[in-house]
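To start, the structure under review is shown below, and the notes come after it.
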Amino acid sequence: MKYIYAIGLAVTLSILAGFMFIFPALDTKQQLSLYQAPFEKQCKEFHRALVEDKKWGAVTQKYLAQFEQEEGILMDELFNVTGLTPAQWEQCKVMCQEPFNQQEALLAQRPTPEDSIKEELQGEDALISEQSQSTVQTLLEKFNLCPHVSILVHDNALSPVSATLRHISINPMEIDQNSLEAITCHEIQHILHNDCYIRSVVANLNSLGMQCSIDEAWLNSFMSRLCKFQETRADILASLVHPQYALDISNDLLASMDEYHDFVNQVNSMHPSHAERDAYLKVVHQEIVQSMGVIIS
């Protein structure tokens, strides 16, 4: 089956970032709170391992520095346009935690892979194969995300894997295990880097009582650029885990273009274009190969 994994997070954000949360009044205790990204430790360890344990560590260092600079430019724009200070931005992230967690709890009501296996034993079609569940579980363990991130089943026919902050969902579609690994690794980048949560905070800035009025047109433009940055980072860092992942991700994207061309045009505002992604993923693969001095099939 052809598919577009790239919209997995965008679809999930229709549930999370699309909600306009209701926030309590800001009190003194909240003002002194500091936001702590839930998987900051795992993210730092992942970056360290990519640089120190891989033969293409220099390539990784280059991209990590590039992403840090690009993220800094986006945040500077956010502060300049909204008038928020870095301290107020941290407070915005604190204020969104409870309502965000409540919406994430709704996702936990989806069936688990174990539920789908029980259905198969009862004579119904299985939703998720044990092999696919094992593949995703192994990757979560590799990134030290167990037991913090749960595996769920979802029925989004356009995406084999999607992720929020504490859930990774698998779709009952036919997909080879190599592609499933690459796509899951992409989605794990969104979890490690807190992408879904940051998008939700930005989407709700006008509701946080920070005395800043944000122009809707600018906010839409900023969200588009933020999402494209996060998707690019997820693509490239996933590709740096294993050289073949870059080609797997790129090939899967191109294979989906014909069947879902019209739909892709609707969501491209939140993602780099297929041509852009194919181009930079092939560059990453080439850089890895050159740094190793071998050809990887």
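The values are calculated or read from the model by the stated rules, or taken from the named source; none is laboratory data. The structure displayed is predicted, hence computed values, not measured ones. Note that we place each Cβ from the backbone using ideal geometry, even for glycine, and neighbour counts take in every protein chain shown.
Rundown of residues vs (1) crowded, with 19+ Cβ neighbours inside 10 Å; (2) farther than 19 Å from ILE175 by Cα; (3) at pLDDT 80 or above; (4) in contact with a Leu (Cβ under 8 Å, 6 or more places away or on another chain), yes/no style:
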position	(1), (2), (3), (4)
ASN101	no, yes, no, no
ALA105	no, yes, no, no
LYS118	no, yes, no, no
SER132	yes, no, yes, yes
GLN137	no, no, yes, no
HIS148	no, yes, yes, no
Check your understanding: If you take the residues in the range 243-264 that are under 18 Å from the mean Cα position of the chain (by Cα) and not hydroxyl-bearing (Ser, Thr, Tyr), which one is modelled with the lowest pLDDT?
Key -> VAL264
Exercise for review: Exactly one condition in (1) over 17 Å from MET75 (Cα atoms); (2) under 16 Å from the mean Cα position of the chain (by Cα) is not met by VAL202; state its number.
Suggested key: (1)
**Study point:** Residue, farthest from the chain's Cα centre (by Cα), within the range 43-62, restricted to residues that are among the hydrophobic types (A, V, I, L, M, F, W, C) and part of a helix (DSSP H, G or I)
**Key:** ALA58
Point to revise | Odd one out for LEU34 among (1) more than 26 Å from ALA238 (Cα to Cα); (2) modelled with pLDDT of 90 or more; (3) of a type outside the set (Asp, Glu) | key: (2)
Exercise for review: Would you be able to say whether some residue in the range 211-219 is crowded, with 19+ Cβ neighbours inside 10 Å and at pLDDT 90 or above?
Suggested key: no
Check your understanding: Mind checking which pairs have a first residue in the range 82-105 that is under 18 Å from LEU219 (Cα atoms) and a second that is polar (S, T, N, Q), Cβ under 7 Å, 6 or more apart or different chains?
Key -> CYS96/SER200; CYS96/ASN204
Review point. For the subset of the range 265-290 comprising residues that are modelled with pLDDT under 85 and not in a helix (DSSP H, G or I), which member is nearest to GLU231 (Cα to Cα)?
Key: HIS271
